[in-house]
Structure formats: structure tokens, C-alpha cells
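> Pasting a structure below so you can have a look.
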């Protein structure tokens, strides 16, 4: 009751603000990827629990890819939802611009990649750079000297931040020890083959996520390398059961993906409660600020 | 041009009917199940391709379960979409009633379970009963006499139809040869244990889907039964890679799940083009009728 503009209950609030009690979720990936990568299912689980607890409808806008994002923008601008949760943005995606024009209150999953004065943007992220540093320091602590990095999709800030964390520790890293991939198992396989080709003496790999690490492990096994004896491997995510059932079980940097989803939804709903539906482009209600969650190194057998 | 009411292009049509160019998809299952069972990803893939080809936005309404369906009904009634595609309905689900009241043109995936005079209901289904008959006849043709059936969730018509197909062939089946499950691997495991307990002489199993069959195979392996020598097993779906990578590779009844999704979307869009948005409760445009797709037996190693 202390707060100005406090509205005592949801029904009254609904009368005032004409809420739909519906929140759009946009995963800026083709729907095939949304269903293939368990990361998204976990994030959606957190979002779904939180929205349901507040009797808000989760409206997932699926697409075949970036060409469809203009249509997503039109739907968001059409007044069908109170706000939006957007994750897995890639650089040059028109979505943030479209969302801003639509004036829809939005919370992003992962720091958006654009530059400029956008302190009003609210996002939930993990400490990707710090987590990456922990992983590479752990490998160095094991006495490894030829530590490689298999990157994620470098048009996403999470991949760039993890690469930066690797470089923070490996200040003079041999550039041939960095192989680019895209957060998928197939990308991890390709990159691991490249690395073994270029640097047969590689003795450790920090992979940008667990799916990539699982691809790298497969190639190491096929080429007769023992993990961790010959090559130590660390992933990122602590995606279960993938990390636990890897051969050998994967040492990895844990981020709480479901909690990230829950937090995104909570920040958005809190902003909607405090603000008005149309100040969205200026962030949600002006009050909530971005959150960066800590990560933890989970030690299993691979490093 | 021959058809009355023909509208030459989408822009003009949009002016006439105030279309949102958005279609809701409701899977009447908790979101955890939507992401855990590849059946839904496949059906959504077909729907997404077809809607995208017609520049319609796929609006997936996720829930934590049936308690949330009243909220889904409110969203559908709120005029945010032109029509709805609804699948995996269970008996006594309030959704069909809510949808009818909302007056939203709808195509169902799978024959809805309610009774009465609803010839106006449009659905896309597979020939579940015929496919089940083919499976059980194949097992009988192999000389098996103690043929069991592990059912799907019997509050769904697909499960009831497959049980009916089993009974069509096994006219005087020992009732102890029928074990109830729920289309999940865990359900298949439980049911297979029950069957072995009750009828240790069982020599064949027709499982209601491939996931259930995979659970049954696990239990047969654990209890030292050879497949197909001791017990032949047939599934339903031909879900890849599950059926191919089963141990042994699974003989199964194929239904084209992605095509079912595509057809649902096509029927709905065709109905919307011909009809008006508000005759929905009377079916879409009155023109399209339900479609039942044929199934095929795919022989691999398990039977």
C-alpha cells in the first residue's frame, strides 16, 4: 500500500489497464531448433510455471526462421498480448526494432546484441564470461597447456561472452586453438575434427555448451583419444540428462536455465503491474532492471 | 473465378474479413509432455510449414494441464486468432465446448471423443483401427497365439480405436492379455511387467505407440526374453529415430504425423478462405470434411 499507483487486486487492475492476461514468447530460432534443443524446453518450462501461477496465457509464436520475424512483429503490434519474452536473439535480427516500434513491454533472455544507448532494455542472462573463465582456469589448473575453445554461434552474445572469458585466461592463445561452431552436436563434431587436424597436440577443450561438447566427445572417442587422460573436456549448461549420460560424464558450467525463464516472466509481470501497457518501448514500467545470474562449475569425469 | 464469393487476393480478402492471419494451436497436454513426446514436434512441424507458406502466424497456446483450459478458451474467444487447430484431446476436456462457445473455426487432430450430433466437426485422423488390425494380423500370421495389447490413454479416441482394432482380430482374447498404459515409455514398462506377471506365456505384444513399445522392449530385455524369438513386438507411429534405433529395430504401424499437421492447417485455411470467421462453431466454411489417412505396416526386426 506504500507504493504509488498500487492496485489492490487483479480484477480491479484488469479494469484499469485492459489486460489480455497473455504473454507472447518468441524464440528467435526456427521451430525445428526449438524442439531439438532441450535448452528451449527448459526455459519455456520456467516461463510456463510462472505465467500459469499468475493465470497468464503463454502464447508461443513459432516461425520457420528469421524471414518470418516481420510477421511476428505484426502479431505483437496487433494488441494480442500484454508483453513479450524474447530469447536466443541473433545479431541483425529485426525483432528488437519491430518490438520497439510495436511498443510491447519486453524482457529479453540473454543480453541483446545491439549497441547504443539502450539502458532501458531489460534482460535476464547468465554470467557467461565468468563461467567460461572458471572452466578454462580449471583446465589450466589440471596442468593443460594446449587448451582449445569450440565457440557457440558468434552472432549471439552468449557465444561472444564465453569466447571473451576463454581469452581472459588464455591471453596469448594460439588462434588455431579456437574453432567456430553453432551450439549443436554436429557443429561440435565438425569443430573437433578441425582442431585435431590443425593442432594434434590439443590436451583440453572448453566447448560453448553441452550439446557441442557431446559432439566433440564423439570425435575424440572415434579418433582413439582418452578423455580426460589425453584430452580433458568441459561443457556449458549442465543440461540433463545429456551431461550426466555423456561418455565420460561431462564436467560443465552450470546455469539455471529454468530459473532464467521464471525470472524473465516474473520481471515482465512485475513491470506490467507497475507500469502501463504502452510504456513498453521504454522498458517495463521503468522499475525492473536486468539480472545476471551466477554460474557454477560442476565436476564430473571429463575434466 | 467460378466460385461464388471468390476473392482475388489476400490483401482484398483481409479487408473484407478483418483477418489476423494468425492461427492458434492447442495441444491438450501439459507443456512438459508437448516437449517430451516427439509426436507433437512432428505434428507442429507440418502445421508450421503450411501456415508459414500462407504467411499465417502459428500461435501455440501452452498450458500446465487441463485446469488451464478455461484460460485457453478465453484467449480463443478474445478475437486474437482466425481459427484453431486442437489436438490430443482427452474425454471430458472442456475445450471443445469452450471453443464452440467462442465461435472459433477449428480443425481437430484426431477424432474428438464426444458423442451426439456433431457431424459439423472437422478432424484429421489416421486409420487407427485398421492399422491396429494389420499389426495384430501380422503377429497372428507369424504363428503367435498369446498376443497381448498395451493400450494408449483410454480417454483418447486413438487409443480406443487401436484397442478396437486389436479386438477385431482377437475376438475371444483373454482379457488378461490387455494392459492399460498412457502412450509413454514408463507406461509401457509398467504394463509389460504386469503382462509378464499375469501371462508368462505371452508370445507377442502390440503396443499402442512406439514410445510404449520402447518401454516394453526394455523390460523384455531385462527379463531375458529374446525379441522376436520369444516375444514379437509391434509399435504404432513409425517415430524416427526411436523405431529405427530400438533394440531390435521396431516393426510398427506407420502414420504420417507431419502430413496430418499439414492437412489440419490446410483444411482450416481453406475453410477460412471460403467461409466467414464467425461461422466457426458450425465447422469451417461448411465445405471441408474430415480426413482419415491410411496407415502402413513397416517391417523391421522386432516382429
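Read-outs throughout are calculated quantities, based only on the coordinates presented, and are distinct from any laboratory measurement. In this text, all values refer to a predicted model and were calculated from it rather than measured experimentally. Every residue, glycine as well, gets a Cβ built from its backbone with ideal geometry; the counts of neighbours run over all protein chains shown.
> Which angle between 0 and 90 degrees, to the nearest 10, do you get for helix A:128-141 versus the longest principal axis of chain A when only C-alpha atoms count?
20
> I need the inter-copy label distances for residue A:140: point set 7 Å along Cα to C-beta, values in nm with one decimal, smallest first.
7.3
> Between residue B:259 and residue B:222, what is 0.36 nm times their sequence separation minus the Cα-Cα distance? Round to one decimal in nm.
9.7 nm is the gain from fully extending residue B:259 to residue B:222.
> Could you tell me which of rounded, prolate or oblate describes the protein assembly as shown, using a ≥ b ≥ c as the square roots of the eigenvalues of the alpha-carbon gyration tensor, with rounded for a/c under 1.5 and, failing that, prolate when a/b is larger than b/c and oblate otherwise?
In terms of gyration-tensor shape, oblate.
> Would you mind computing the Rg to Rh ratio of the range B:52-182 from its alpha-carbon coordinates, Kirkwood style for Rh?
Answer for the range B:52-182: 1.08.
> Something else about it: Determine, at each q value in 0.11, 0.12, 0.15, 0.22 (inverse angstroms), the log₁₀ of I(q)/I(0) that the Debye formula gives when each Cα of the range A:128-254 is one equal point scatterer.
Per q value, in the given order, log10 I(q)/I(0) is -0.28, -0.34, -0.55, -1.34.
> Can you pull the percent of Cα pairs in the range A:51-115 with separation above 15 Å?
52
> On to the next question. Within the protein assembly as shown, what percent of beta bridges assigned by DSSP are antiparallel, to the nearest 5?
15
> In nm, one decimal, shortest first: how far is the label point of residue B:66 (7 Å from Cα along Cα to beta carbon) from the matching points in the other copies?
The answer, with the shortest distance listed first, is 4.4 nm.
> Considering only DSSP beta bridges with both partners in chain A, what is the antiparallel share in %, to the nearest 5?
That works out to approximately 10 percent antiparallel.
> Moving on. Between residue A:70 and residue B:90, what is the label-to-label distance in nm when each label sits 7 Å out along the Cα-to-Cβ direction?
Reported label-point gap for residue A:70 and residue B:90 is 4.3 nm.
> Oh, and also: Report, as an integer, the average count of C-beta atoms from other chains found within 10 Å of each Cβ along A:79-89.
1
> No solvent, one uniform scatterer per C-alpha: report log10 I(q)/I(0) for the range A:194-240 via the Debye equation at q = 0.17, 0.25, 0.28, 0.33 1/Å, two decimals.
-0.44, -0.92, -1.11, -1.35
> Over the range A:128-254, what is the relative contact order in whole percent, taking alpha-carbon pairs under 8 Å and six or more residues apart?
24
> Semi-axes of the equivalent ellipsoid for chain B, please: Cα gyration tensor eigenvalues, times 5, square-rooted, ordered largest first, whole Å.
So the equivalent ellipsoid measures 40, 18, 17 Å along its semi-axes.
> Return the distance in nm (one decimal) between the two label points of a simple spin-label model at residue B:290 and residue A:140, each offset 7 Å from Cα along Cα→Cβ.
6.7
> Using mean Cβ contacts within 10 Å as the protection proxy, how do A:266-274, B:171-179, B:293-301 order, highest first?
The most tightly packed comes first, giving A:266-274, B:293-301, B:171-179.
> Under the definition of Cα pairs under 8 Å and six or more residues apart, what whole-number percent is the relative contact order of chain B?
22
> If we hang a label 7 Å off Cα along the beta carbon direction at residue A:91, how far is it from the matching labels on the other copies, in nm, shortest first?
Going from nearest to farthest copy, the values are 5.8 nm.
> Using a Förster distance of 35 Å, how high is the FRET efficiency between residue A:244 and residue A:176, based on the Cβ-Cβ distance and rounded to 0.05?
0.65
> Helix B:257-274 versus the longest principal axis of chain B: what is the Cα-based angle in degrees, 0 to 90, to the nearest 10?
20
> Points 7 angstrom from Cα along the Cβ direction at residue A:297 and residue A:55: gap in nanometres?
Once both label points are built, they end up 4.8 nm from each other.
> Can I ask one more? Helix B:38-53 sits at what angle to the longest principal axis of chain B, using alpha carbons and giving 0 to 90 degrees rounded to 10?
Once rounded, one gets 30 degrees.
> Also: Per residue of B:49-58, what is the mean number of Cβ atoms on other protein chains within 10 angstrom of that residue's Cβ?
If you average over the peptide's residues, the count of other-chain Cβ atoms is 4.
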